[in-house]
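Note sheet for the following structure.
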Amino acid sequence: MTRPAGAWREYGPLELTPILAAALEAFYEQGFHGTPVRDIARRVGQTVPALYYHHENKEGVFTALVEEATSDLDWRVRQAVEEAGDRPDLRLVNAVEAIVLHMAHRTRLAALDFELRHLSPANRKRYAARRKEIEVLVTRIVSDGVAEGLFVAKRPAETARALLGMLQSIGRWYHPDGGPLSPDELAERYVDIALMTVGVRKRPAARARRRARSA
């Protein structure tokens, strides 16, 4: 699917089926274990058998939402990195910004990450593979930055994992409707933290960073 430049920064309403939209709210409010199937059915105005016509069970509903979350994050990060060009520092800026914006704009989807223990091994393995792809991408960016003398991180793989863990934790505390920072402001702060984490030798000029954001 071809998307216009800068689409990774644009967030509209989620295009979910009524069942998935109701389930997402229920899981966010009560967690996976605390959400009975009948509650999801009640929220969407259907019977439990009708819900099972569309999804095999509660895990099937949850898995569909996790797939939506991982797909949304994946294309945004990849487009952001591609639009940054060849410079590792600008690629890292865009990758971090894309992840933070996803965490901030898609708070409910991001929160599903903390319930993954309820997935079956097969579904958990598929999710882990998607997450690994982003980890490999960020690791490559850090490694390239070190090779080009832009970063001083001694262990690129561990540094990339540390960055991703830091960004993932945003879902535990950020509330877009009740915090002092907008998603854009939050992304800007985490970009600075990420650049410090990789030990950037020379920070990208503000003009270059703005160009990477608007590419």
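Inspect all residues belonging to region 137-146 and state whether any of them is surrounded by 17 or more Cβ atoms within 10 Å (Cβ to Cβ), small (Gly, Ala, Ser) and over 30 Å from Glu56 (Cβ atoms). Scanning region 137-146, I find at least one residue that is surrounded by 17 or more Cβ atoms within 10 Å (Cβ to Cβ), small (Gly, Ala, Ser) and over 30 Å from Glu56 (Cβ atoms), so the answer is yes. Any chance region 160-172 includes a residue that's hydrophobic (A, V, I, L, M, F, W, C), within 23 Å of Glu25 (Cα to Cα) and within 12 Å of the chain's Cα centre (by Cα)? Yes, some residue in region 160-172 is hydrophobic (A, V, I, L, M, F, W, C), within 23 Å of Glu25 (Cα to Cα) and within 12 Å of the chain's Cα centre (by Cα). Number of residues in region 177-200 that are more than 18 Å from the chain's Cα centre (by Cα) and in contact (Cβ under 8 Å) with a residue 40 or more places away in the chain equals 5. Could you run through region 101-130 and say how many residues are hydroxyl-bearing (Ser, Thr, Tyr), under 10 Å from Thr63 (Cα atoms) and surrounded by 15 or more Cβ atoms within 10 Å (Cβ to Cβ)? Count: 1. For Ala21, are the conditions met, namely being surrounded by fewer than 19 Cβ atoms within 10 Å (Cβ to Cβ) and at pLDDT 95 or above? For Ala21, the condition - surrounded by fewer than 19 Cβ atoms within 10 Å (Cβ to Cβ) and at pLDDT 95 or above - is met. Of the listed requirements (1) among the hydrophobic types (A, V, I, L, M, F, W, C); (2) over 13 Å from the mean Cα position of the chain (by Cα); (3) within 27 Å of Lys202 (Cα to Cα), Ile134 misses just one: (2).
Residue-by-condition table, conditions (1) farther than 21 Å from Ala5 by Cα; (2) in a helix (DSSP H, G or I); (3) hydroxyl-bearing (Ser, Thr, Tyr):
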site	(1), (2), (3)
Ala41	yes, yes, no
Gln46	yes, no, no
Tyr52	yes, yes, yes
Val61	yes, yes, no
Leu65	yes, yes, no
Glu68	yes, yes, no
Ala80	no, yes, no
Asp89	no, yes, no
Ala111	yes, yes, no
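Residues in region 120-176 that are touching a residue at least 12 places away in the same chain (Cβ under 8 Å) and part of a loop (DSSP other than H, G, I, E, B): Ser120, Glu148, Gly149, Leu150, Phe151, Val152, Ala153, Tyr174, His175, Pro176.
To keep it simple, each residue is scored yes or no on (1) surrounded by fewer than 19 Cβ atoms within 10 Å (Cβ to Cβ); (2) under 26 Å from Arg108 (Cβ atoms); (3) modelled with pLDDT of 95 or more.
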position: Ala157; (1), (2), (3): yes, no, yes
position: Ala162; (1), (2), (3): yes, yes, yes
position: Met166; (1), (2), (3): yes, yes, yes
position: Asp177; (1), (2), (3): yes, yes, no
position: Val191; (1), (2), (3): no, yes, yes
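The values are calculated or read from the model by the stated rules, or taken from the named source; none is laboratory data. Because the structure is a prediction, the values reported are computed rather than measured. Cβ sites come from the backbone with ideal geometry, for glycine too, and all protein chains shown count toward neighbours.
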